[in-house]
Amino acid sequence: MIKVSEAAARGGTVTIQGRYLGGPATGRVRLGADERGQGGFLFPASAVQSWTDSQIVLTVPSDAPVGASWLFVEVAGRQSTGLPYSVRQ
């Protein structure tokens, strides 16, 4: 991951930009994990608006954790570097 969009509320959109982001069949996005990417909330497949090798666009689900945390992309079992991200109230 290289960049993530500004904080969004539940129902809003989050955009992740990077390289080698895979696709929805082999990747997943984790929010609310600790700094090492452990734990947290996995975005469901239904949250994916679009997913290419360089950009992921997601809708923040209504049950996503609110507040500051870390965001990670996992592709084929490999985890990206985390970036700080917040879901607004």
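Quick note: the coordinates plus some simple rules give every number you see, no bench work behind them. Because the structure is a prediction, the values reported are computed rather than measured. Quick reminder, even Gly has a Cβ in these numbers, built from the backbone with ideal geometry, and neighbours come from all protein chains shown.
Structure summary
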| read-out | value |
| --- | --- |
| Neighbours by Cβ (under 7 Å, 6+ apart or cross-chain): first from the stretch 64-89, more than 21 Å from Trp51 (Cβ to Cβ); second part of a loop (DSSP other than H, G, I, E, B) and polar (S, T, N, Q) | Val66/Gln89 |
| Among the candidates Gly27, Gly22, residue that is surrounded by 12 or more Cβ atoms within 10 Å (Cβ to Cβ), under 11 Å from the mean Cα position of the chain (by Cα) and of a type outside the set (Ser, Thr, Tyr) | Gly27 |
| Candidates Gln55, Gln49, Gln38 - the one that is touching a residue at least 24 places away in the same chain (Cβ under 8 Å) and closer than 15 Å to Leu71 by Cα | Gln55 |
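Conditions tested, residue by residue: (1) buried (at least 17 other Cβ atoms within 10 Å of the Cβ); (2) under 10 Å from the mean Cα position of the chain (by Cα); (3) of a type in the set (Phe, Trp, Tyr).
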| site | (1), (2), (3) |
| --- | --- |
| Gly39 | no, no, no |
| Val57 | no, yes, no |
| Val60 | yes, yes, no |
| Tyr85 | yes, yes, yes |
